[in-house]
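The block underneath contains the structure these notes are about, expressed in structure tokens.
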Amino acid sequence: LQHFERGRLHGHNIVAVLPGSAPEQQAGHVVIGAHYDHLGHGQTGSLALFGEKGEIHNGADDNASGSAALLEIAEAFATLEPRPERSVVFVWFDAEEQGLIGSQYYVEHPRFPLRRCAAMFNLDMVGRARDGRVAVLGATSGEGLERIVLGAARRNRLDATLVPYMVPNSDHFSFYRKKVPVAFFTTGLHADYHRPSDDADRIDMQTLVRIARCAFDAARTVAATAGPRPAWHEVRSAPFGFMALELLEGLTGREGFGKLARALYGPVAGAVVLPSEHGLEVLYVEPDSALAEAGVRAGDRLEAARGGLLGSRRHALGGRLGRLRLWAALTGPPATLELRRGDRSLSIPFPPRHDAR
């Protein structure tokens, strides 16, 4: 158990290690993860409809599906003969719903140095496949990793789609920020997301089994031999409103909200922020985005825009509300961003030019 605290939050990551046949110091390791927390009675983060308030949110898909798959994958690895050369680290993360807190803590206190981590495979919401399909995000972050994932999908008769974006919506992102190649398996959002109706009888068990086998197959390929780890590549950030629009697709069954994404979220595409007590902590800025061009960097704290204060941990909702506040503050006429960088206070005009996205 890996205990961590954040304010009044007390969490525990669960970490298990299967030693490789070669010493970890020489061969490195692979991480396979899933988060096991959910929303309790929906005190925060719930999308419960009228009449559902206060009910238990079981989270069968989010993320009992990923946690159960990880248990099966760990059992499969434990029976392998011969054992992979690389060690395999299995992590069940806590406090993902509060803003990836458990995985952020792990990457700051890893079981083995992350510079020796060949890849991280994440399973989050893998139980509600549409037409037997699974999306795999971030696989282009590792040289050759997408080929490994697609090969594993074919061998397990799984329809896998590689998404050419990086999305900061689950624990893989904590590893990606540390320049670890990642592959995030998910079947996407749906009408029961963060509601009490996310129950076990709605899980597509047959596809869930194939996804677990695919992730195991891909991770086994990376872990099998102790060659150089896949080279890390930066992946373009998804449009800013990717998660909200994916939810809309889940509710309506319709696709093609890209135009709406550009219209609503273009001004701050590429920014990933987490609300704190005194502003919005900038976790990541896409290199070619308008915010990057204006001079905003990862590690900055955005304190105000157009005279209005930004951020509040009490209403963080995993950072989503903070991002919406940032969007609302920056759209429209030019704004001035007030930010803190270390012990300095800075004012930055935004957007950097009239035709900025």
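The values are calculated or read from the model by the stated rules, or taken from the named source; none is laboratory data. Computed from a predicted model, the values in this text were never measured in an experiment. No Cβ is skipped: glycine too gets one built from the backbone with ideal geometry, and neighbour counts run over all protein chains shown. SASA here: full protein model, heavy atoms, side chains in, ligands and nucleic acids out. Shrake-Rupley method; radii C 1.70, N 1.55, O 1.52, S 1.80 Å.
Phi angles of segment 167-172 translate, via the Karplus equation with coefficients 6.51, -1.76, 1.60 and θ = phi - 60°, into HN-Hα couplings of 10, x, 10, 7, 5, 4 Hz per residue; Gly and Pro are given as x.
Among rounded, prolate and oblate, which fits segment 91-222 when a ≥ b ≥ c are the square roots of the eigenvalues of its C-alpha gyration tensor, a/c under 1.5 means rounded, and a/b larger than b/c means prolate? Before the final figure, lay out the partial values.
On the way: a/c = 1.94, a/b = 1.17, b/c = 1.67.
It comes out oblate by the Cα gyration axes.
Split the accessible area of segment 15-126 by element, probe 1.4 Å, and carbon with sulfur accounts for 55%. Considering all different alpha carbon pairs of segment 162-229, the Kirkwood hydrodynamic radius works out to 14.6 Å. Converting phi to 3J(HN,Hα) with the Karplus coefficients 6.51, -1.76 and 1.60 and the offset θ = phi - 60°, segment 208-223 yields 4, 4, 5, 5, 4, 5, 5, 4, 4, 4, 5, 5, 5, 4, 5, 7 Hz in sequence order, with x at every glycine or proline.
If R0 is taken as 56 Å, the Cβ-Cβ distance between residue 205 and residue 336 corresponds to a FRET efficiency of 0.55. Here the Karplus curve 6.51 cos²θ - 1.76 cosθ + 1.60, taken at θ = phi - 60°, turns the phi angles of segment 71-88 into couplings of 4, 5, 5, 4, 5, 5, 5, 5, 9, 5, 9, x, 5, x, 5, 7, 5, 10 Hz, with x standing for Gly and Pro. Solvent exposure of segment 1-98 amounts to 48 Å² per residue of accessible area, where only protein heavy atoms count and the probe is 1.4 Å.
What does the highest-first list of 77-86, 191-200, 172-181, 138-147 look like by mean Cβ count within 10 Å? Before the final figure, lay out each step's value.
Numbers: 77-86: 15.5, 191-200: 19.2, 172-181: 23.4, 138-147: 21.5.
The densest-packed peptide leads the list: 172-181, 138-147, 191-200, 77-86.
Could you give the length gained by full extension between residue 44 and residue 147, i.e. 0.36 nm per residue of separation minus their alpha carbon distance, to one decimal place? Here the answer is 33.2 nm.
Sparsely packed loop sites in segment 1-58 (the chymotrypsin sites (Phe, Trp or Tyr not before Pro) outside DSSP H, G, I, E and B with at most 16 other Cβ atoms within 10 Å) comprise 50.
For residue 149, the solvent-accessible surface computed with a 1.4 Å probe is close to 0 Å², ligands and nucleic acids excluded. Applying 1/(1 + (r/R0)^6) with r as the Cβ-Cβ distance of residue 12 and residue 52 and R0 = 41 angstrom yields a FRET efficiency of 0.90. Near residue 159, the amide H atoms lying under 5 Å from its own belong to 134; only residues 5 or more places off or on other chains count, and H is placed 1.01 Å from N.
PRE reach from residue 74 (point 7 Å along Cα→Cβ): which of segment 17-42 fall under 12 Å by backbone N? Inside the label zone: 17-18, 32-36.
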